[in-house]
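Engineer: For reference, the structure I am asking about is given below.
None of the figures in this text is laboratory data; all of them are computed from the coordinates on show. What you are looking at is a predicted structure, and each value in this text was computed from that prediction instead of being measured. For neighbour counting, all protein chains shown are included, and Cβ atoms are generated from backbone atoms with ideal geometry for every residue, glycine included.
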């Protein structure tokens, strides 16, 4: 559990121009325990941060990742590069190359060049969407990401890869963050699209509880994962949860309950016709949501989120005028 001293860490952030990276990079750059931040991404950053080395980096290019780690004498890698919301037309093969092959390239580079710590943004989706998930899921539960749901499957495969590395290469410290639903003032994605409907879609007979983490809390957690002595696996979410009915009530709206088998059939027809961004495999996403217990985040990692799930949702709702 104990780590190397934080002073003078030289950090490579993959996905540094993404939603999370855009907050993490300046957060790390401002921390006195960090000597250098290298932000790597295929995209240009929205804003360049003073003192940060911004570089073009495609995690699917193994040599490029290895070169970046070696060139900048990196001792800590924060791996954020992932396809969370695939753009229209992106194939699953492309997403797999980024999520899984990219993670393998990052891990291989870390091991080849003696990196001391690897911080990975995983997801509650790694647990999978299953009828027998416990009411509150803890870090000792197995990762069972659903094969039918690409994002969930990719997170499971990456976590299995990381588990193998912990067994075979204990010299590489790992902090794995299994993150709940991220909200922030400018968050706009497939999940928040659900909350903008006139009536919120609901699987009949399911509470569909959500746990939320506010983006500033998440940034602080990632920075702490770099600079703290504590390592390990942690669920990342605010306290408590909100059911789909409670979310609808907060929005002053109703729900649209649909039997799972009916919704799956409708999406199976509508998705190929591009009438919806959601596929039939995603019905389980609403039906059997893993509800993350954050006890270990608070007691072992040592971070108490400033926003509860309720407060995070209310802050997002207010910021978006809903």
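Engineer: On a C-alpha basis, how far is the centre of the range 229-255 from the centre of the range 157-174 in Å? Whole number, if you could?
Structural biologist: 29 Å
Engineer: Taking the Cα atoms of the range 63-211 alone, what are Rg (to one decimal) and Dmax (as a whole number) in Å?
Structural biologist: 17.2, 55
Engineer: Now for a separate question. Roughly how tilted is helix 260-270, in degrees to the nearest 10 and between 0 and 90, from the longest Cα axis of the chain?
Structural biologist: Approximately 70 degrees, to the nearest ten.
Engineer: Would you mind classifying the range 39-80 by shape? Square roots of the alpha carbon gyration tensor eigenvalues, ordered a ≥ b ≥ c; an a/c under 1.5 is rounded, otherwise it is prolate if a/b is larger than b/c and oblate if not.
Structural biologist: oblate
Engineer: Continuing with the same structure: What fraction of the Cα pairs in the range 174-216, stated in percent, has a spacing above 16 angstrom?
Structural biologist: Here the long-distance tail beyond 16 Å is 51 percent of all Cα pairs in the range 174-216.
Engineer: Using just the helices of the chain, give the 222 nm mean residue ellipticity in deg cm²/dmol: DSSP H runs with n ≥ 4 each add -39,500 (n - 2.57), and the total is spread over all residues, rounded to 500.
Structural biologist: That calculation yields -9500 deg cm²/dmol at 222 nm.
Engineer: As I understand it, the value is the acute angle between the Cα axis of helix 215-227 and the longest principal axis of the Cα atoms of the chain; what does it come to in degrees, rounded to 10?
Structural biologist: It works out to around 30 degrees.
Engineer: For the chain, what is the convex hull volume of its Cα atoms per residue in Å³?
Structural biologist: So the per-residue hull volume is 126 Å³.
Engineer: On the Cα set of the range 170-322, report Rg and Dmax in Å, please.
Structural biologist: 17.2, 52
Engineer: Once you place label points 7 Å from the Cα toward the Cβ at residue 61 and residue 253, how far apart are they in nm?
Structural biologist: Inter-label distance under the simple model: 4.2 nm.
Engineer: Mean separation of Cα pairs under 8 Å and 6+ residues apart, divided by the residue count of the range 50-186: what relative contact order is that in percent?
Structural biologist: 27 percent
Engineer: Using Cα springs under 10 Å in a Gaussian network model of the chain, which residue among 134, 142, 87 shows the largest mean-square fluctuation?
Structural biologist: Ranking 134, 142, 87 by mean-square fluctuation puts 87 first.
Engineer: Roughly speaking, what is the stretch gain from residue 201 to residue 160, that is 0.36 nm per residue apart minus the C-alpha to C-alpha distance, in nm to one decimal?
Structural biologist: Stretched out fully, the residue 201 to residue 160 stretch lengthens by 11.5 nm.
Engineer: With a 10 Å cut-off between alpha carbons and a GNM built on the chain, which of 16, 114, 145 moves the most?
Structural biologist: So, out of 16, 114, 145, the one fluctuating most is 114.
Engineer: Still on this model: Note the angle between two axes, namely the Cα long axis of helix 150-168 and the longest principal axis of the Cα atoms of the chain, as a number of degrees from 0 to 90, rounded to the nearest 10.
Structural biologist: Roughly 30 degrees, rounded to the nearest 10.
Engineer: Given an 8 Å cut-off on Cα distances and at least 6 residues of separation, report the relative contact order of the chain as a percent.
Structural biologist: 19 percent
Engineer: Taking only C-alpha pairs under 8 Å that are 6+ residues apart, what is the relative contact order of the range 116-180 in percent?
Structural biologist: Value for the range 116-180: 53 percent.
Engineer: Over 15 Å apart: what share of the alpha carbon pairs of the range 44-131 falls there, rounded to a whole percent?
Structural biologist: 65 percent
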